[in-house]
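For reference, the structure discussed in these notes is given below.
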Amino acid sequence: MSSRASQAGAAGVLLLLSACAQPGAPPVCTAPLKPALEVSLYFGRDKPAGGQVSDAEWASFVTEIVTPQFPAGHSVVDTGGQYRDASGRIVRESSKLIVIVVFDAPAHHKKVASIVDTYVKRFGQESVLRVERPVCAGL
């Protein structure tokens, strides 16, 4: 094999590898895993008028809003967080994290937006942090 052909082959391999490393590129998964999207939603529990989203209010929100959108499943984690509010003040509060793995991207966008919008309106929140990342997953 000529040196030029060898260089071209090596360049091709590097190009393929770099495509896998691009941010947002679907992961290369090994069976039985498949490409999926992990959606993480961070819900602060402090209410602007005072008090906190109670355990009963949270349970009702998950039952009425989250479960119908993602009946196949999701995980809920108790956590604590910190953020800078619209006035610039640092706020620390207890929070809930919902993690959902979806195989039907981008069909999940409307479902997630509905969850976020409902929480913001129902509990007077400024926002809900949303993080999405490609993963390999399987059932």
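Over 22 Å apart: what share of the alpha carbon pairs of region 25-137 falls there, rounded to a whole percent? Of all Cα-Cα distances in region 25-137, 36 percent exceed 22 Å. Projecting label points 7 angstrom from Cα along Cα→Cβ for Val62 and Lys47 puts them 2.0 nm apart. Relative to the Cα centre, the charge distribution of region 25-137, modelled as +1 at Lys and Arg Cβ and -1 at Asp and Glu Cβ, gives a dipole magnitude of about 200 debye.
Label reach from Lys121 (point 7 Å along Cα→C-beta): in region 57-73, amide nitrogens under 20 Å belong to 57-70.
Every read-out reported here was derived from the displayed coordinates using simple, explicitly stated rules and does not represent laboratory data. A quick note: this is a predicted structure, and the numbers were derived from the prediction, not measured. Using ideal geometry, Cβ is built from the backbone for each residue, glycine included, and neighbour counts are taken over all protein chains shown.
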